[in-house]
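Peer 1: This structure is in structure tokens; I'll ask about it shortly.
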Amino acid sequence: MTRLFAAACAAVFAAHLFASPAVAADLKVMDAYARSSNPKVGAVFMRIMNPSGDADRLVEVRSSAARRVELHTHEFEDGIARMREVDAIEVPADGMAALVRGGDHVMLLGLTEPLEQGGTVPLTLVFESGAEITLDAPVDNDRKPAEQGHGGHGHGHGTAND
């Protein structure tokens, strides 16, 4: 009976190691912020840093701030930018995924309440590797597109260990 219990514990421990790759602890979110130009929808922008040698993909974002949360990108067709939903956003090995206005971003559809300047938006980022990062993105409706990604003042930092 003791050997059986020890073998079961070893199997569970080994399965946990394979289900939680090392890349999960390496991912970091920088300069996250949310904004909204109307009371029904909002967007979230950030940089996701991946110093690991293994690529990952952002596959889902959850938030109680909206009824639906989607990953989006912009495609240019005949000189016109069109937004469309995507299944995932690539986070390259030893690199960064930039979620910016006019590019990849997170859409908040059906806001549960308006995004007020100075408030925060709770987010859980889910990665293909199994990593999850939980953070509160500050609402910054005044930020201009040229200001994104600059300053790195610690807004919305999070790690997979939070």
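The values are calculated or read from the model by the stated rules, or taken from the named source; none is laboratory data. Here the structure is a predicted model, which is why all the values come from computation and not from measurement. As a convention, Cβ positions derive from the backbone with ideal geometry for all residues, glycine included, and neighbour counts pool all protein chains shown. Quick note on the areas: whole protein, heavy atoms, side chains included, nothing else; ligands and nucleic acids left out. Shrake-Rupley method; radii C 1.70, N 1.55, O 1.52, S 1.80 Å.
Peer 1: Which of (1) under 11 Å from the mean Cα position of the chain (by Cα); (2) in a loop (DSSP other than H, G, I, E, B) is the odd one out, the single condition residue 46 does not satisfy?
Peer 2: (2)
Peer 1: Another one. Any idea which of (1) under 12 Å from the mean Cα position of the chain (by Cα); (2) surrounded by fewer than 18 Cβ atoms within 10 Å (Cβ to Cβ) is the one residue 97 doesn't satisfy?
Peer 2: (2)
Peer 1: Something else: Within the bounds of segment 77-88, is there any residue that is of a type in the set (Gly, Ala, Ser) and under 11 Å from the mean Cα position of the chain (by Cα)?
Peer 2: For segment 77-88, residues of a type in the set (Gly, Ala, Ser) and under 11 Å from the mean Cα position of the chain (by Cα): present.
Peer 1: Now a separate question. Suppose we filter segment 39-53 for residues that are free of Cβ contacts under 8 Å to residues at least 60 places away in the same chain and either surrounded by fewer than 15 Cβ atoms within 10 Å (Cβ to Cβ) or touching a helix residue (DSSP H, G or I) at 6+ places or on another chain (Cβ under 8 Å) (or both); how many remain?
Peer 2: Count: 4.
Peer 1: Here is a further query. Would a scan of segment 75-88 turn up a residue that is out of contact with any Pro (no Cβ under 8 Å at 6 or more places or on another chain), closer than 13 Å to residue 61 by Cα and among the aliphatic types (A, V, I, L, M)?
Peer 2: The answer is yes; a qualifying residue exists.
Peer 1: So, one more: Of all residues in segment 65-102, count the ones that are in contact with a His (Cβ under 6 Å, 6 or more places away or on another chain) and closer than 18 Å to residue 48 by Cβ.
Peer 2: 3
Peer 1: Given the condition over 15 Å from residue 43 (Cα atoms), outside any loop (DSSP other than H, G, I, E, B) and open to solvent by less than 50 Å² (accessible area, probe 1.4 Å), answer yes or no: does some residue in segment 106-114 qualify?
Peer 2: No.
Peer 1: Just the residues that are more than 21 Å from residue 110 (Cβ to Cβ), hydrophobic (A, V, I, L, M, F, W, C) and not in a loop (DSSP other than H, G, I, E, B), please, taken from segment 59-88.
Peer 2: 76, 80, 81
Peer 1: I need the full set of residues from segment 34-65 which are among the hydrophobic types (A, V, I, L, M, F, W, C) and either farther than 24 Å from residue 142 by Cβ or at pLDDT below 95 (or both), in order please.
Peer 2: Scanning segment 34-65 gives 49, 55, 58, 59.
Peer 1: Looking at residue 56 and the list (1) touching a helix residue (DSSP H, G or I) at 6+ places or on another chain (Cβ under 9 Å); (2) without any contact (Cβ under 8 Å) to a residue 60 or more places away in the chain; (3) surrounded by 15 or more Cβ atoms within 10 Å (Cβ to Cβ), which single condition is not satisfied?
Peer 2: (2)
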